[in-house]
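**Student:** First the structure, then my questions, so here it is.
Only the coordinates and a few stated rules stand behind these numbers; no lab work does. On a predicted model such as this, the values are computed, not experimentally measured, just so you know. Cβ placement follows ideal geometry from the backbone for every residue including glycine, while neighbour counts extend to all protein chains displayed.
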Amino acid sequence: MRIDVVSIFPDYLAPLDLSLIGKARRDGLLDIRVHDLRVFTHDRHRTVDDTPYGGGAGMVMKPEPWGEALDALATQGDPRPVLIVPGPGGEPLTQRTARELADREWLVFACGRYEGIDERVYEHAADRMDVRVVSLGDYVLNGGEVAALAIIEAVARLLPGVIGNAASLDEESHEDGLLEYPVYTKPAQWQGRAVPDVLLSGDHGAIARWRREQQLHRTARRRPDLLHASAAADPDDLALVP
Ligand code: ADE
């Protein structure tokens, strides 16, 4: 998969050299290219923002540098990239979004700052890119870079070969619409606290049932909204919901 990230703070993307994503890059599974938006400015101050038409607080990112940057990346042709614009006004990032994006060959991230990017940039890009504004959640960050890191990690780990143990992908929170069950490792006693007996029983059926029940309890407590939308609408599961 190819990923381009455009930002006025390219150094913010340095963590993409670390851990599993860094290894996937070195292994040639991910071709990630980070670009400095200011390269596409032409004035002495390398200006990327200006005051908003209509008034109001803050600054808006100018269309010209963004237009040039995106034109330089993607001309008409194949494959058609997805342009991801992280922003609090976007569709929420979910595991489903991550899976959809993982099926694409090419992602381009436009990391905005200030009050956002001039709206015409999205319209201009839509001729040759599938534009998606994506939000990490209902809160406001200072810019799109941290969100781009999160989205890239959520997507890249779904690509074949990026995670050593692909089986671990299936049992995670959100893959079946529920939160994950609690996990334990050795020692069996720690600080006067014991690992639940069932996990030491060797009874795989009982362990699977206990885990499912824990998933349902946890989801009911922390994320009741998910219970209704998930496979937990299964009547056998609903009987386990407290
Ligand atoms: N940029 C600023 N706030 C954001 C959010 N909540 N999600 C994604 N990008 C953002």
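**Student:** Who wins for biggest fluctuation among S201, S168, S135 in a Gaussian network model of the chain, springs between alpha carbons below 10 Å?
**Tutor:** In this elastic network of the chain, the residue with the biggest mean-square fluctuation among S201, S168, S135 is S201.
**Student:** Additional query: What number results when the radius of gyration of the chain, computed over Cα atoms, is divided by 2.2 N^0.38 Å?
**Tutor:** That ratio works out to 1.25.
**Student:** If you don't mind, another one. For the chain, what does -39500 (n - 2.57) per DSSP helix run (n ≥ 4), summed and divided by total residues, give at 222 nm, in deg cm²/dmol to the nearest 500?
**Tutor:** Helices in the chain give a 222 nm mean residue ellipticity of -9000 deg cm²/dmol.
**Student:** Just check the stretch 84-150 against the gyration tensor rule for me: Cα atoms, a ≥ b ≥ c as the square roots of the eigenvalues, rounded for a/c under 1.5, and otherwise prolate or oblate depending on whether a/b exceeds b/c.
**Tutor:** Details: a/c = 1.84, a/b = 1.05, b/c = 1.75.
Since a/c reaches 1.5 but b/c is at least a/b, the shape of the stretch 84-150 is classed as oblate.
**Student:** Next question, about the same structure. If I take the Cα coordinates of the stretch 1-88 and project them onto the principal axes, what are the three extents in Å, biggest first?
**Tutor:** Result, largest extent first: 48, 31, 30 Å.
**Student:** Ratio of the stretch 115-242's C-alpha Rg to 2.2 N^0.38 Å, to two decimals?
**Tutor:** 1.46
**Student:** Another question about this same structure. Explain nothing, just the number: dipole magnitude of the chain about its Cα centre with +1 on each Lys and Arg Cβ and -1 on each Asp and Glu Cβ, in debye rounded to the nearest 20.
**Tutor:** In debye, rounded to 20, the chain gives about 700.
**Student:** Among I152, I207, I8, what is the fewest-to-most ranking by other Cβ atoms within 10 Å?
**Tutor:** Going from least to most buried by this count: I207, I8, I152.
**Student:** Would you mind giving the average projected area, over all directions, of the Cα convex hull of the stretch 34-177 in nm² with one decimal? Spell out each step's value before the answer.
**Tutor:** Numbers: hull surface 40.4 nm².
Value for the stretch 34-177: 10.1 nm².
**Student:** Would you list T41, T75, T94 from fewest to most Cβ contacts within 10 Å?
**Tutor:** T75, T94, T41
**Student:** While we're looking at this one, here's another question. Within 10 Å of each residue's Cβ, count the other Cβ atoms and sort H45, H228 from fewest upward.
**Tutor:** Fewest to most other Cβ atoms nearby, the residues stand as H45, H228.
**Student:** Which of A72, A98, A154 moves most in a GNM of the chain, Cα contacts under 10 Å?
**Tutor:** A72
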